[in-house]
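Take a look at the structure set out below.
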Amino acid sequence: MHKIAVIPGDGTGPEVIREGLKVLEAVARATGFKYKLKEYDFGGERYLKTGEALPDSAPAELRKMDAIYLGAVGHPDVPPGVLEHGILLKLRFSLDQYINLRPVRLYPGVDTPLKDKGPEEIDFVVVRENTEGLYAGIGGFLRKGTPDEVAVQEMVCTRKGAERCIRYAFEYAREHGRKKVTLCDKANVLTYAHDLWRRTFSDVAADYPGIETDTAFVDAICMWMVKNPEWFEVIVTCNMFGDIITDLGAMIQGGMGVAAGGNINPESVSMFEPIGGSAPKYTGKDVINPIAAIAALQMMLEYLGEEEAAQRVDRAIARACSEKMKSMSAGKMGYSTSQVGDLVAGFAENG
Ligand code: IPM
Ligand code: MN
C-alpha cells in the first residue's frame with residue numbers, strides 16, 4: 001500500500017492534480033496495486049486565512065508518507081516569494097530532497113521551437129542540486145534602504161552536497177543506459193564554489209569508468225541545448241543553474257504544459273510536481289494542459305517501484321500527444337483539461 005500525500009496547491013494546481021489522480025486510479029486498477037491518498041490544503045488560500053504557509057508539523061508528517069504529489073504554489077494575492085519559500089523550498093530543504101530530477105524529453109507529435117530536431121535529438125535529464133548553492137538563503141543587508149546599501153547572498157557549496165548530487169547523476173546514467181554525464185558549471189568565474197564541483201566531479205567519475213564525461217560552462221550549455229541538444233544525456237549542475245536551464249529545457253520539450261520534475265531524497269520521501277507553476281490566468285477554465293502533472297505522476301510511479309504502471313502512463317502520454325492533442329498550449333489542445341485526463345487514463349488502462 002503506497003501512502004501518497006497530495007498537495008493540490010494554488011491556481012491550476014488542483015485542476016491538473018485531479019487529472020493525474022484519474023490516471024493513477026486507472027493504472028492502479030489495471031496493474032493491481034493499492035494506494036492511499038491524504039490531501040493537504042497548503043497554499044495561498046490557507047495562508048491568507050491563517051497567516052501560516054506550512055504548519056510546523058508538516059515535514060515530520062510528510063516524512064511518514066511514501067511520496068508527495070504537488071500541484072503548484074503561487075497566489076496572486078500573496079506577495080511573491082512567501083509561498084515559494086514557505087512551502088516549496090521549505091519542503092525541499094526540510095525533507096532533504098537533494099536532487100531535482102528534470103527530464104527534458106520531446107514526446108512524439110509534440111512541437112518544439114527547434115528546427116530539424118525531434119524526439120531522437122531531445123532526450124536528456126537534468127540532475128539539479130536542490131538543497132544548497134545560491135538557494136541556501138545565507139546573507140543579509142547592510143544599511144538597507146540607504147544609498148550605501150549592501151546586499152550579500154552567499155553561494156553555499158559543500159563537498160558532501162556536490163558529491164551526493166554528482167553520484168546520483170552517475171548512478172542514474174548507469175541504471176538508465178545513458179553513456180555520458182555532463183557537468184554544467186561556471187568554473188571559469190566561480191573559482192572556489194565550482195572548483196569544488198569540478199574536483200568532486202572528476203573524483204566521482206573515476207568510480208564509473210564505463211561512462212563518458214564532459215564539462216561545459218552554463219552559458220555554453222544554453223547555446224548547445226538549442227543548437228545540439230542531442231549531445232546531452234545526463235546534465236548535472238548546481239541549484240541556480242539547474243533552475244535556469246530547465247526552463248530552457250521545458251521550452252524545447254514543448255513548453256510548461258509538458259515539463260515535470262521530482263524533488264528526490266533517495267533515503268526518505270520524494271515530491272513530484274509539474275514545473276509550470278500556478279498559472280492564475282488559466283485557473284478554473286478547464287484549459288490548462290495536465291500532461292506535465294501526469295508526467296510527474298509517471299515519475300512518482302517509477303520511484304514507488306510500479307514499473308509497469310509507469311510504463312503504461314508513459315506510453316499513454318505519448319499516444320495522447322501524437323494521436324490526439326493539437327497543441328501543448330493551454331486552450332489550444334483541442335480538448336479540455338479533463339478530456340486530456342480521460343484520454344490518458346483510457347490509454348493507460350488499456351495498456
Ligand atoms: C522551480 C521554481 C522554484 C525554484 C521557485 C518557485 C522557488 O522556479 O521549481 O524551478 O526556483 O526552484
Ligand atoms: Mn524554476
Item to check | Single unsatisfied condition, I244 versus (1) among the aliphatic types (A, V, I, L, M); (2) at pLDDT 95 or above; (3) within 16 Å of ligand 1 (Cβ to nearest atom); (4) more than 19 Å from L101 (Cα to Cα) | outcome: (4)
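Given the options V313, V344, name the one that is part of a helix (DSSP H, G or I), hydrophobic (A, V, I, L, M, F, W, C), touching a residue at least 60 places away in the same chain (Cβ under 8 Å) and farther than 26 Å from Y172 by Cα. First the steps, then the outcome.
Values: V313 fails: farther than 26 Å from Y172 by Cα.
So the residue among V313, V344 that is part of a helix (DSSP H, G or I), hydrophobic (A, V, I, L, M, F, W, C), touching a residue at least 60 places away in the same chain (Cβ under 8 Å) and farther than 26 Å from Y172 by Cα is V344.
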Checklist entry - When you look at V181, is it at pLDDT 95 or above, within 16 Å of ligand 1 (Cβ to nearest atom) and open to solvent by less than 60 Å² (accessible area, probe 1.4 Å), yes or no? => result no
Item to check | Selected residue [of a type in the set (D, E) and at negative phi] from D116, D111 | outcome: D111
Checklist entry - Taking segment 1-33 as the region of interest, how many residues are open to solvent by 80 Å² or more (accessible area, probe 1.4 Å), touching a helix residue (DSSP H, G or I) at 6+ places or on another chain (Cβ under 7 Å) and either modelled with pLDDT under 95 or outside any helix (DSSP H, G or I) (or both)? => result 0
Checklist entry - What is the one condition in (1) part of a loop (DSSP other than H, G, I, E, B); (2) within 16 Å of ligand 1 (Cβ to nearest atom); (3) within 30 Å of D314 (Cα to Cα) that H75 does not satisfy? => result (3)
Next on the checklist: Within segment 264-280, does at least one residue satisfy the condition of being more than 16 Å from ligand 1 (Cβ to nearest atom), more than 27 Å from G161 (Cβ to Cβ) and not charged (D, E, K, R)?
Outcome noted: no
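Being in a strand (DSSP E or B) and away from ligand 1 (no atom under 16 Å from the Cβ) is the filter; apply it to segment 215-235 and report the residue that is surrounded by the most Cβ atoms within 10 Å (Cβ to Cβ). First the steps, then the outcome.
Narrowing segment 215-235 to residues in a strand (DSSP E or B): 215-217, 234-235.
In the following step, the residues that additionally are away from ligand 1 (no atom under 16 Å from the Cβ) were identified as 215-217, 234.
On the way: T215: 18, A216: 18, F217: 18, V234: 23.
Filtering segment 215-235 for residues that are in a strand (DSSP E or B) and away from ligand 1 (no atom under 16 Å from the Cβ), the one surrounded by the most Cβ atoms within 10 Å (Cβ to Cβ) comes out as V234.
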Next on the checklist: Quick check on segment 265-304: of everything there that is open to solvent by less than 20 Å² (accessible area, probe 1.4 Å), over 20 Å from Y107 (Cβ atoms) and touching a helix residue (DSSP H, G or I) at 6+ places or on another chain (Cβ under 7 Å), which residue is nearest to ligand 2 (Cβ to nearest atom)?
Outcome noted: S278
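In this structure, does G210 turn out to be outside any helix (DSSP H, G or I) and open to solvent by 10 Å² or more (accessible area, probe 1.4 Å)? Even if it seems obvious, please write down each step before you answer.
Details: outside any helix (DSSP H, G or I): yes; open to solvent by 10 Å² or more (accessible area, probe 1.4 Å): yes.
Here the answer is yes, as G210 does meet what is asked.
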Item to check | Of all residues making up segment 247-258, the number that are in contact (Cβ under 8 Å) with a residue 60 or more places away in the chain and either part of a helix (DSSP H, G or I) or away from ligand 1 (no atom under 16 Å from the Cβ) (or both) | outcome: 5
Checklist outcome for this item: By residue number, the members of segment 240-264 that are out of contact with any Cys (no Cβ under 9 Å at 6 or more places or on another chain) and within 13 Å of ligand 2 (Cβ to nearest atom) are M240, D243, T246, D247, G249, A250, M251, M256, A259, A260, G261, N263
Item to check | Qualifying position, being open to solvent by 90 Å² or more (accessible area, probe 1.4 Å) and free of Cβ contacts under 8 Å to residues at least 12 places away in the same chain, among R143, R159 | outcome: R143
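The values are calculated or read from the model by the stated rules, or taken from the named source; none is laboratory data. Fair warning: this is a prediction, and the values are worked out from it, not measured in the lab. Cβ atoms come from the backbone with ideal geometry, glycine included; neighbour counts cover every protein chain shown. We work out accessible area using only protein heavy atoms, side chains counted, and drop any ligands, DNA or RNA first. Shrake-Rupley method; radii C 1.70, N 1.55, O 1.52, S 1.80 Å.
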